[in-house]
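What follows is a single structure, written as structure tokens, with notes after it.
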Amino acid sequence: FIVWFRMKNLRLYNFAGYYIDNGTPSPSKNMDAGLGYIRDGKVRTVIPYFGLREVFKRLYTAVKQYGAEKNKPTMIMTHISGEWPVAYLGFMDNRLEGEQYAAPVRVERKLYHDLIPLDKWRAFNLSANVGSMSVFLPMFGDLDKTKTRELMGLLMLHDMIGVWFTAGGQANDEAVYKMWQVQDEFGVEDAKLIPYWNNEDVIAGQTEDIKASAYRKPGGGSLIVVCNLSGEPRTA
């Protein structure tokens, strides 16, 4: 029923896909809905993790079949900030991460460089990890260009993570557009990433504070991203 109802809406209104918020499975013991079980005379709670995986798998398949029928692009995005529902993230086109940092960034004025260790960036925000594109949601709450440029450097270190910045003025749009412009002019879509965590034999001079990733074109030419993680001026 869930898949049928959503596909009915897609066809009725000629939508191109869905944005799914709070999709993580919740505990339930509603036996009328097929959840929960009885042990020692009590109804016990279950989390329908794999059942939800099947729902997302079916929805993703149906949306892609619809796109093929209509010869139109489709997209399913899920908002996962602070969560990691890995069972179904491969059945998304992209996943939105980052809202959980709103208070530290806006109130405590902390830098993303300090909030998120590099190993956590690699675990959570590499698109290749679970098969859906990673999209980051900045939470600055102001339009300071320098802050956004620093974040763009951090994002580009990690395989061109997408960025969602329009709602509520979370980031400086000029700085985001500049990153996209550089990527487009270079032609980054067919380049191979040579990441900072596996390129010290190619790019020397990196330290704990200075990291560099390179995007290498098949026919030659590279775009090198150098990022200062210290929050202070550095010379590389």
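The values are calculated or read from the model by the stated rules, or taken from the named source; none is laboratory data. Because the structure is predicted, anything quoted here is derived from the model rather than measured. Every residue, glycine as well, gets a Cβ built from its backbone with ideal geometry; the counts of neighbours run over all protein chains shown. With ligands, DNA and RNA removed, areas are computed over all heavy atoms of the protein, side chains included. Shrake-Rupley method; radii C 1.70, N 1.55, O 1.52, S 1.80 Å.
Consider residue 92 carefully, then state whether it is aliphatic (A, V, I, L, M) and at positive phi. No; evaluated as a whole, the condition is false for this residue. Given the criteria closer than 18 Å to residue 88 by Cβ, assigned to a helix (DSSP H, G or I) and open to solvent by less than 70 Å² (accessible area, probe 1.4 Å), does residue 24 qualify? So residue 24 fails the test.
Within the range 152-159, can one find any residue that is of a type in the set (D, E, K, R) and within 28 Å of residue 78 (Cα to Cα)? Yes: one or more hits.
Regarding residue 64, is this residue among the basic types (Lys, Arg), surrounded by 13 or more Cβ atoms within 10 Å (Cβ to Cβ), without any contact (Cβ under 8 Å) to a residue 12 or more places away in the chain and under 30 Å from residue 8 (Cβ atoms)? So residue 64 fits the description; yes. Across the range 61-108, the qualifying residues are those that are in a loop (DSSP other than H, G, I, E, B) and touching a Lys or Arg at 6+ places or on another chain (Cβ under 7 Å), and the one among them that is nearest to residue 139 (Cα to Cα) is 80.
The residues of the range 85-125 that are of a type in the set (A, V, I, L, M), farther than 26 Å from residue 144 by Cα and crowded, with 17+ Cβ neighbours inside 10 Å, listed by number, are 87, 89, 92. Put simply, of 155, 151, 143 the only residue that is in contact (Cβ under 8 Å) with a residue 12 or more places away in the chain and not in a helix (DSSP H, G or I) is 143.
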